[in-house]
Amino acid sequence: PIRDVLDFCEDTKDISEDPWFVIRAAMWAPMGSYNFLDYLLLSAPTVGEGMSQAFRLIHLIDTRMIMEFEDKPGAPVLVKLQGVQGGAVDSMEAEGIVTGCFRRASLCTNEQMTPEHVYFRAQACGDARELESIYGAPVTFEAPFDGVLFSRELWEMPNTFNDPLMFNFMNQVVQRVAGPSTGLIQQVERTIEQGL
């Protein structure tokens, strides 16, 4: 359960006395740690398309949160992590997911993709300059949301690992899992999946 993971992270953060432990752990987590989401992201034609599809399924990690994209043609793309009701998510979860989002985008472009800006709702619990060196971008704390701002150029950058066949297959699964249920069979399948 997610609460056990958060308790473990809190304990480890206290023992290590590293205020940025969760962020470092998210940077170290290898591709594949988030299973389906990572492979969906990896196989996409562009980083932005992979992120857009993968984070439609953020509820597989935690049903209490969603990712929103402010994506206007020609403008930078703002990826925001929100609670389902529009509120904040746990600060450690936000640190882990925002960093995981940044890290995976970076891996898909052979470390060429750095964000324009990183935002956290929480107060800084350590030296923010250390985080700025990790992200390669300014970090704002006590922001109105948790999220990452990517330039349009980097958002549209081709994915180094693009695999059209795999992406097509993964996309079909996304439609099934995230798309609206229309028929009785789909509704029953979705109810069983949620029950399991």
Selection within region 76-97 - hydrophobic (A, V, I, L, M, F, W, C) and within 17 Å of L154 (Cα to Cα): V77, L78, V79
Hits in region 52-86 (condition: polar (S, T, N, Q) and either open to solvent by 30 Å² or more (accessible area, probe 1.4 Å) or part of a loop (DSSP other than H, G, I, E, B) (or both)): S52, T63, Q85
Residue pairs qualifying under the 7 Å Cβ cut-off, at least six apart or on distinct chains, with the first in region 8-28 being at pLDDT below 80 and the second being open to solvent by less than 30 Å² (accessible area, probe 1.4 Å) and assigned to a helix (DSSP H, G or I), are C9/V22; C9/M92; E10/M92; K13/V22
Sort out which residues of region 131-151 are among the aromatic types (F, W, Y) and either closer than 12 Å to L78 by Cβ or open to solvent by 40 Å² or more (accessible area, probe 1.4 Å) (or both), and write them in order of number. F145, F150
Name the one entry in S133, S106 that is among the small types (G, A, S) and within 18 Å of the chain's Cα centre (by Cα). S106
Working only within region 98-127, note down all residues that are among the aliphatic types (A, V, I, L, M) and either open to solvent by 30 Å² or more (accessible area, probe 1.4 Å) or at pLDDT 85 or above (or both). V98, L107, V118, A122, A124
Only one of (1) within 13 Å of R103 (Cα to Cα); (2) of a type outside the set (D, E, K, R); (3) touching a Leu at 6+ places or on another chain (Cβ under 8 Å); (4) open to solvent by less than 30 Å² (accessible area, probe 1.4 Å) is not met by M31, so which one is it? (4)
Assigned to a strand (DSSP E or B), open to solvent by 70 Å² or more (accessible area, probe 1.4 Å) and in contact with a Phe, Trp or Tyr (Cβ under 9 Å, 6 or more places away or on another chain): is that true of E49 in this structure? no
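The values are calculated or read from the model by the stated rules, or taken from the named source; none is laboratory data. Since the model is a prediction, treat every value here as computed from it, not as a measurement. We place every Cβ from the backbone using ideal geometry, glycine too, and count neighbours over all the protein chains shown. All accessible areas refer to the heavy atoms of the entire protein, side chains included, with ligands and DNA or RNA removed. Shrake-Rupley method; radii C 1.70, N 1.55, O 1.52, S 1.80 Å.
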